[in-house]
Amino acid sequence: MNKFSTILGAVIVFVFAACEGPQGPPGFDGLDGLDGLDGADGIQGQVVEVEGVNFGYDAEANLFSTLITFSDVTDFEVFESDAVLVYRHDGIIDLNDGTTADAWTQIPQNYFLNEGTIQYVFAHTFVDVELFIDGNFDLSTLSTDFTDNQLFRIVFVPSEYAESPDFDASNIESVMSHLNIDEEHITTLDIN
């Protein structure tokens, strides 16, 4: 009986294994993705340079502010989990070898003036970033050198990078290196 059960089981397995039905309809083609820069698979970031940023003064709050909506400066999809970093252009500096370089400082950034202290700060969502200039004196007298025609870089960093222990957000060159973004791949927009 045991031998009969084994033979019967083997026959059933062979019969069902050999069964094949008609082929079903073909599936739908997938959508083509956008070609991107070489980098880590599935992880992207972007740097957007925004020129001509002008701040508006709010006398009641005694601060300057401006709002930059991401869809106005890029088509890059920003997720709630992504880090958004902002850097302000401090000018051009001379290097020891006779060349020059752009100086970028991460916000928040303080300036100590004769009148008092001002600070560039920002708040963001996954839709926009609002930049502020706050201070401890009457900002209506603040020089337009701080409020008009400013240059910023906004960096969208996927959370995978932002959580990395060797990620140095204070240095824009290090951030761009982690994201594998060169100067020529920076999106530039003048909002004047």
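The values are calculated or read from the model by the stated rules, or taken from the named source; none is laboratory data. Treat the numbers as computed from the prediction; the structure is a model and nothing was measured. Here the Cβ is made from the backbone with ideal geometry for all residues, glycine too, and neighbour counts use every protein chain on show.
Overview of results
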item: Failed item in (1) within 17 Å of the chain's Cα centre (by Cα); (2) exposed (fewer than 15 other Cβ atoms within 10 Å of the Cβ), with HIS124 passing the rest; result: (2)
item: Positions within the stretch 53-78 being closer than 21 Å to GLN106 by Cβ and within 20 Å of the chain's Cα centre (by Cα), in sequence order; result: VAL53, THR66, LEU67, ILE68, PHE70, VAL73, THR74, PHE76, VAL78
item: Any hit, the stretch 45-62, residues being charged (D, E, K, R), surrounded by fewer than 10 Cβ atoms within 10 Å (Cβ to Cβ) and at pLDDT 55 or above; result: yes
item: Matching option when the condition is under 14 Å from the mean Cα position of the chain (by Cα) and of a type in the set (Ser, Thr, Tyr), among SER143, SER177; result: SER177
item: Lone qualifier among SER81, SER71, SER65 - being outside any strand (DSSP E or B) and more than 25 Å from GLU183 (Cβ to Cβ); result: SER81
item: Tabulated pairs, the stretch 147-175, first without any contact (Cβ under 8 Å) to a residue 40 or more places away in the chain, second outside any helix (DSSP H, G or I), C-beta under 6 angstrom, 6+ apart or interchain; result: SER174/ASP168
item: Within the stretch 85-109, tally of residues that are in a loop (DSSP other than H, G, I, E, B), surrounded by fewer than 16 Cβ atoms within 10 Å (Cβ to Cβ) and at negative phi; result: 5
item: Selected residue (criterion: modelled with the highest pLDDT) from residues of the stretch 63-84 that are among the aromatic types (Phe, Trp, Tyr) and surrounded by 12 or more Cβ atoms within 10 Å (Cβ to Cβ); result: PHE64
item: Hits in the stretch 48-74 (condition: free of Cβ contacts under 8 Å to residues at least 24 places away in the same chain and touching a Ser or Thr at 6+ places or on another chain (Cβ under 9 Å)); result: GLY56, ASP58
item: Enumerated helices (runs of 4 or more DSSP H) restricted to the stretch 120-184, each holding at least 2 residues that are among the aliphatic types (A, V, I, L, M); result: 172-179
item: Single condition ASN136 does not satisfy, out of (1) in contact (Cβ under 8 Å) with a residue 40 or more places away in the chain; (2) farther than 25 Å from SER177 by Cα; (3) not hydrophobic (A, V, I, L, M, F, W, C); result: (1)
